[in-house]
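Trainee: Pasting a structure below so you can have a look.
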Amino acid sequence: MPDSQVLPKQAVESQTNHELHLALHASSLAEPEAFWADAAKAVHWDKPWDKVLDDSRAPLYSWFSGAQCNTCYNAVDRHVEQGRGMQVAIQYVSPVTDTKYGITYDELLAQVSRLAGYMHANGVKKGDRVIIYMPMIPETAYAMLACARLGAIHSVVFGGFAASELAARIEDAKPKLILSASCGIEPSGVVPYKPLLDAAIAQSQHKVEQCIILNRSQYSAEMVAGRDNDWQTAVASADSIACQTVAATDPLYVLYTSGTTGQPKGVVRDNGGHSVALMWSMQHIYDIGPGDTFWAASDVGWVVGHSYIVYGPLLVGATTILFEGKPIGTPDPGIFWRTIEKYKVKSFFTAPTAIRAIKRDDPDGDFLRDVDLSCLKTLFLAGERCDPDTLLWAEARLKKPVIDHWWQTETGWPVAANLMGTAPVKVKPGSPALAVPGFRVEVLNELGEIVPAGQSGNVVIKLPLPPGALTTLWHNEARYLDSYLSMYPGYYLSGDAGYMDEDGYLYIMSRIDDIINVAGHRLSTGRFEEVLCQHEAVAEVAVIGVEDKLKGQLPLGLVVLKKGANLSDEDLHRELIALVRAEIGPVASFRLVSVIQKLPKTRSGKVLRGTMRKIADNQSYKMPATIEDPHTLDLVRNTLTRMGYADSLV
């Protein structure tokens with residue numbers, strides 16, 4: 001596995017930083033209460049805590065019990081009170097509508113406090129749930145912060161989700177109010193949201209009494225009399241309201257993530273621990289403080305959008321970029337780099353799939369040539385496994401540190417990362433580096449034994465999880481215990497498989513379900529993908545395990561080629577098989593590989609390997625609610641059929 005080049009002086013510093021990281025990590029585990037009490041000094045508390053770590057209901061732990069605070073106050077009001085109201089809080093950039101403007105902390109406070117005032121005047125109170133079904137526009141952030149201001153619990157649902165999926169979330173959260181917009185804008189055109197919202201409300205047994213609808217110029221929504229209220233009119237006539245104090249352990253939000261049963265799981269995040277963890281991570285991981293500009297190119301419908309578009313940057317008084325567009329096609333593969341240059345972004349966070357898309361369309365980095373990226377210190381990648389080739393490509397083109405890091409919706413912030421603000425360590429492509437302070441990460445076998453360095457197993461985190469992680473599932477404690485805590489008592493099961501090397505670096509190779517058993521040999525799909533991505537013609541790849549009567553399973557690869565790649569199918573097939581044989585060995589039994597035009601992905605960029613596997617093995621499956629392009633599943637079926645797998649389309 002190739003390492004980044006490190007100069008002799010840097011090697012010495014890296015060794016020192018490695019020791020510093022390990023010392024911080026050891027301190028956080030040996031004295032967690034002292035460690036997090038110190039970190040909590042960055043947060044404004046209306047009332048201090050009685051206990052930093054409350055283990056009275058273990059394994060259901062809570063942080064800062066007895067304390068009171070308000071997340072909106074910490075993210076907005078206090079920056080205004082400290083004299084920084086004229087600083088831009090949110091920079092809105094929408095290449096799909098050709099719109100860009102900044103919102104200062106003063107303006108943010110005015111918008112949020114009036115929206116909260118309207119909601120309060122219409123019966124929304126502390127503990128009520130509010131669903132937010134909106135696109136990537138500033139009003140979405142206003143809605144989240146207004147809920148936090150009142151102590152209401154928001155649940156953001158990705159804009160454009162199917163009506164049935166939205167209905168399931170309405171049914172589970174039972175919201176007092178829904179905030180929505182008339183439409184979203186995708187590269188393919190306008191996506192009307194209001195008809196989907198109306199259908200979802202009609203399908204749900206829980207009847208929502210009120211909606212606030214933001215009408216965008218691209219699509220005018222039909223309003224339901226007595227239920228729907230116009231956003232602009234409502235806010236313009238509303239009185240401002242002050243922040244309502246809540247318990248640190250009260251829920252800030254519920255974020256639904258897909259469940260294996262088909263019923264979404266509502267991840268619950270608290271107020272106090274969430275603020276402490278995000279502020280710590282902004283400083284120590286992302287190297288961001290007051291006045292810096294941070295950009296997470298994600299969506300508010302995902303956990304990245306919650307943690308690092310809205311709450312994290314605003315809690316530390318930074319400027320956050322809210323971007324309505326895509327890495328390619330809005331209008332070209334240079335949009336990210338020009339945005340970074342224009343707004344002086346210091347740290348940039350995106351998914352590896354975004355970099356792979358840019359690499360596919362601009363393999364030589366032509367769109368980087370006339371862009372000044374001197375402002376950019378670090379590119380962070382997360383959201384899926386980052387293959388070394390993608391990281392090294394970005395590193396070579398940007399000439400900046402490219403930092404892979406690993407976390408989940410459930411954890412809320414990074415579990416393994418390079419502490420770029422405190423102790424940057426050597427980058428090992430393929431690894432998200434070391435466990436972050438607060439997380440005791442271990443790799444266990446099926447018997448619950450820690451495996452030796454270099455040996456794969458199930459990646460787990462020893463309890464208690466640090467502040468900022470999920471506290472339970474919404475109204476489903478039993479499912480929380482069963483899904484995450486039952487397999488290995490005393491541990492949180494991440495659902496990922498991987499290993500640690502002799503330096504303590506973690507390698508996440510695949511989901512546990514994506515381990516392929518080839519004639520008794522357990523092989524990771526991530527390792528196959530890592531190898532196939534080394535081929536100069538390959539832009540993206542997905543490997544799945546397909547059923548085989550003789551060996552149990554065989555690896556099957558689907559590759560997307562870079563634009564301009566000129567290679568016959570026969571030569572590509574031969575070269576890819578030879579590459580896997582050389583890197584992994586004959587034990588891999590790798591013979592099944594084909595080119596595909598596009599891989600099926602979720603809107604957040606995760607490849608739908610599980611669905612692909614079911615298609616290959618002729619198993620029934622449900623169209624994933626989060627799929628970006630449903631037609632890609634037809635591409636998969638047609639390709640697999642040509643390879644002798646899956647039934648052909650009738």
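The values are calculated or read from the model by the stated rules, or taken from the named source; none is laboratory data. Note that this is a predicted model, so its numbers are computed, not measured. Cβ coordinates were reconstructed from backbone atoms using ideal geometry, including for glycine residues, and neighbour counts include every protein chain displayed. When the accessible area is computed, the model is the full protein with side chains, heavy atoms only, and any ligands, DNA or RNA have been set aside. Shrake-Rupley method; radii C 1.70, N 1.55, O 1.52, S 1.80 Å.
Trainee: Being in contact (Cβ under 8 Å) with a residue 24 or more places away in the chain, over 23 Å from T350 (Cβ atoms) and under 23 Å from the mean Cα position of the chain (by Cα) is true for just one of I584, I627, I615, I544. Which residue is that?
Mentor: Details: I584 fails: under 23 Å from the mean Cα position of the chain (by Cα); I627 fails: over 23 Å from T350 (Cβ atoms); I615 fails: under 23 Å from the mean Cα position of the chain (by Cα).
From the options I584, I627, I615, I544, the qualifying one is I544.
Trainee: Give the number of residues within the stretch 388-424 that are open to solvent by less than 10 Å² (accessible area, probe 1.4 Å) and not in a helix (DSSP H, G or I).
Mentor: Final tally of qualifying residues: 13.
Trainee: Taking interchain pairs and intrachain pairs at least six residues apart, which have beta carbon atoms under 9 angstrom, with the first residue in the stretch 289-301 and closer than 20 Å to I335 by Cα and the second modelled with pLDDT under 95 and of a type in the set (V, I, T)?
Mentor: The qualifying pairs do not exist here.
Trainee: While we're looking at this one, here's another question. Hey, can you tell me all the residues within the stretch 441-464 that are under 28 Å from M282 (Cα atoms) and surrounded by 15 or more Cβ atoms within 10 Å (Cβ to Cβ)?
Mentor: First, pick out the residues of the stretch 441-464 that are under 28 Å from M282 (Cα atoms): 441-443, 459-464.
Result: V441, E442, V443, V459, V460, I461, L463, P464.
Trainee: Mind counting the residues in the stretch 126-153 that are free of Cβ contacts under 8 Å to residues at least 40 places away in the same chain and open to solvent by 10 Å² or more (accessible area, probe 1.4 Å)?
Mentor: 1
Trainee: Looking at Y505, Y488, which is the one that is within 17 Å of W406 (Cβ to Cβ) and touching a residue at least 24 places away in the same chain (Cβ under 8 Å)? So that I can check it myself, show each step before the final result.
Mentor: Numbers: Y488 fails: within 17 Å of W406 (Cβ to Cβ).
So the residue among Y505, Y488 that is within 17 Å of W406 (Cβ to Cβ) and touching a residue at least 24 places away in the same chain (Cβ under 8 Å) is Y505.
Trainee: Just checking, does the stretch 217-227 include any residue being of a type in the set (V, I, T), open to solvent by less than 20 Å² (accessible area, probe 1.4 Å) and within 29 Å of E171 (Cβ to Cβ)?
Mentor: No: zero hits.
Trainee: So which of D514, D571 is of a type in the set (D, E, K, R) and free of Cβ contacts under 8 Å to residues at least 24 places away in the same chain?
Mentor: So the residue among D514, D571 that is of a type in the set (D, E, K, R) and free of Cβ contacts under 8 Å to residues at least 24 places away in the same chain is D571.
Trainee: I'd like to verify a number: residues in the stretch 409-442 that are at positive phi and more than 17 Å from the chain's Cα centre (by Cα), how many?
Mentor: Count: 3.
Trainee: Got at least one residue in the stretch 603-610 being under 23 Å from T390 (Cα atoms), open to solvent by 80 Å² or more (accessible area, probe 1.4 Å) and in contact (Cβ under 8 Å) with a residue 60 or more places away in the chain?
Mentor: Looking for residues that are under 23 Å from T390 (Cα atoms), open to solvent by 80 Å² or more (accessible area, probe 1.4 Å) and in contact (Cβ under 8 Å) with a residue 60 or more places away in the chain, one finds at least one in the stretch 603-610, hence yes.
Trainee: Please pick out the residue among A382, A394 that is within 27 Å of G305 (Cβ to Cβ) and under 18 Å from the mean Cα position of the chain (by Cα).
Mentor: Residue meeting the stated conditions: A382.
Trainee: I'm trying to understand the selection: among the residues of the stretch 81-92, which are hydrophobic (A, V, I, L, M, F, W, C) and open to solvent by less than 10 Å² (accessible area, probe 1.4 Å)?
Mentor: Going through the stretch 81-92, the residues hydrophobic (A, V, I, L, M, F, W, C) turn out to be 86, 88-90.
Passing the criteria: A89, I90.
Trainee: Given the conditions (1) among the polar types (S, T, N, Q); (2) touching a helix residue (DSSP H, G or I) at 6+ places or on another chain (Cβ under 7 Å); (3) under 20 Å from A121 (Cα atoms); (4) modelled with pLDDT under 95, which single one is not true for S237?
Mentor: (2)
Trainee: Shifting gears a bit: For the stretch 465-484, give me each residue that is crowded, with 17+ Cβ neighbours inside 10 Å and either in a helix (DSSP H, G or I) or of a type in the set (G, A, S) (or both). Before you say what the answer is, go through the steps one by one.
Mentor: Here is the first cut: in the stretch 465-484, the ones crowded, with 17+ Cβ neighbours inside 10 Å are 465-474, 476, 479-480, 483-484.
Those that are crowded, with 17+ Cβ neighbours inside 10 Å and either in a helix (DSSP H, G or I) or of a type in the set (G, A, S) (or both): G468, A469, R479, Y480, S483, Y484.
Trainee: Kindly indicate whether I212 is over 24 Å from the mean Cα position of the chain (by Cα), surrounded by 23 or more Cβ atoms within 10 Å (Cβ to Cβ), more than 30 Å from F439 (Cα to Cα) and modelled with pLDDT of 95 or more.
Mentor: Values: over 24 Å from the mean Cα position of the chain (by Cα): yes; surrounded by 23 or more Cβ atoms within 10 Å (Cβ to Cβ): yes; more than 30 Å from F439 (Cα to Cα): yes; modelled with pLDDT of 95 or more: yes.
Against the criterion (over 24 Å from the mean Cα position of the chain (by Cα), surrounded by 23 or more Cβ atoms within 10 Å (Cβ to Cβ), more than 30 Å from F439 (Cα to Cα) and modelled with pLDDT of 95 or more), I212 qualifies.
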